[in-house]
1. Could you check the spin-label model distance between His87 and Met1? Points 7 Å from the Cα along Cα→Cβ, value in nm.
2. For the stretch 6-92, which trypsin sites (Lys or Arg not before Pro) are in a loop by DSSP, counting at most 16 other Cβ atoms within 10 Å?
3. Answer rounded, prolate or oblate for the stretch 87-242, using the Cα gyration tensor with square roots of eigenvalues a ≥ b ≥ c: rounded when a/c is under 1.5, else prolate when a/b is larger than b/c, else oblate.
4. Shape call for the stretch 85-133 from the C-alpha gyration tensor, a ≥ b ≥ c root eigenvalues: rounded (a/c under 1.5), prolate (a/b greater than b/c) or oblate?
5. Can you give the longest run of the chain that contains no GluC sites (Glu not before Pro) sitting in a DSSP loop with at most 15 other Cβ atoms inside 10 Å?
6. What is the angle, in °, between the Cα long axis of helix 121-133 and the longest principal axis of the Cα atoms in the chain? Nearest 10 is fine, range 0 to 90.
7. Once you order the gyration tensor axes a ≥ b ≥ c over the Cα atoms, which shape class does the stretch 1-52 get: rounded for a/c under 1.5, otherwise prolate or oblate by comparing a/b with b/c?
8. Please give the FRET efficiency for Ile141 paired with Asn184, using the beta carbon to beta carbon distance and R0 = 35 Å, rounded to the nearest 0.05.
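What follows is calculated from the coordinates using simple rules that are stated; it is not laboratory data. Nothing here was measured: the structure is a model prediction, and the numbers come from that model. Note that we place each Cβ from the backbone using ideal geometry, even for glycine, and neighbour counts take in every protein chain shown.
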Amino acid sequence: MILLSNGCSHTAGAEIEHPWQDNCYHKAWPKHLSKKLDFKSKNLAISGASTHRVVRTTLDFLTQYEGDVKQIFAVILWPGMLRKEIHLVSNKKPYRDLFFDNQWLPLVVGNDAQYEERFPKPLYNYYKYWTGMTTRHSHSIDYVHDVLLLQNTFKQLGINYLFWHASVTFPDRTLPITQMIDRNRFPYFDSYQESYLEICRKTGQKIARPSQESGFNSHFDEDAHKMFADLLFNYITKNKLL
């Protein structure tokens, strides 16, 4: 069996060892969970990932997987909904310097100052138009569509799975299409308090060592990842998800 995980920095294990670290797969919760399950581990997460990237890379993995997909157990820690990604087709500077994930560039709402400094003007204008012209309603629909796309793919292929929120996410839960989400496999879709980050805060987990330069680090340490792996293991076992 193989544990297939995907998500954003909180699944990639960002900054566990040092500030600005993009990933630390060998200390992140998927590695600890795979050991408890006695499974192999495949972690597709990267920092800054959107739900769009989660869907894209998960489907890419499944289409290229040469084994029996029914031997996969997938756990997705869904990123917040105010994110997207774009494919940069230009190979010329300054766009080439922005290549992040096979020419895909993540965009995260709230990084205005960083983007204004780093992005070429047309790209920065694109980001500003996107943040200024879209609404919570459209973000919510995109978010739920991505969840349903992976949910239905897993069900069609006979892949057992578990979905969880990485952070407090506020999609419009009054949308009729949310009724199609399987709450047995996404048990806390409707809860604001059971995300990975909120669980870490409620249980008093520690933030990993902050940067000496900035004093900033928004990610929890390895003990928090071990705690979350234990929580998921207990949930999976109790509810017989395998």
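1. 3.5
2. Loop-located and lightly packed - Lys92.
3. It comes out oblate by the Cα gyration axes.
4. On the way: a/c = 1.79, a/b = 1.55, b/c = 1.16.
Taking the square roots of the gyration eigenvalues as a ≥ b ≥ c, the stretch 85-133 is prolate.
5. 67-212
6. Taking Cα atoms only, the helix is inclined about 60 degrees.
7. oblate
8. The value I calculate is 0.95.
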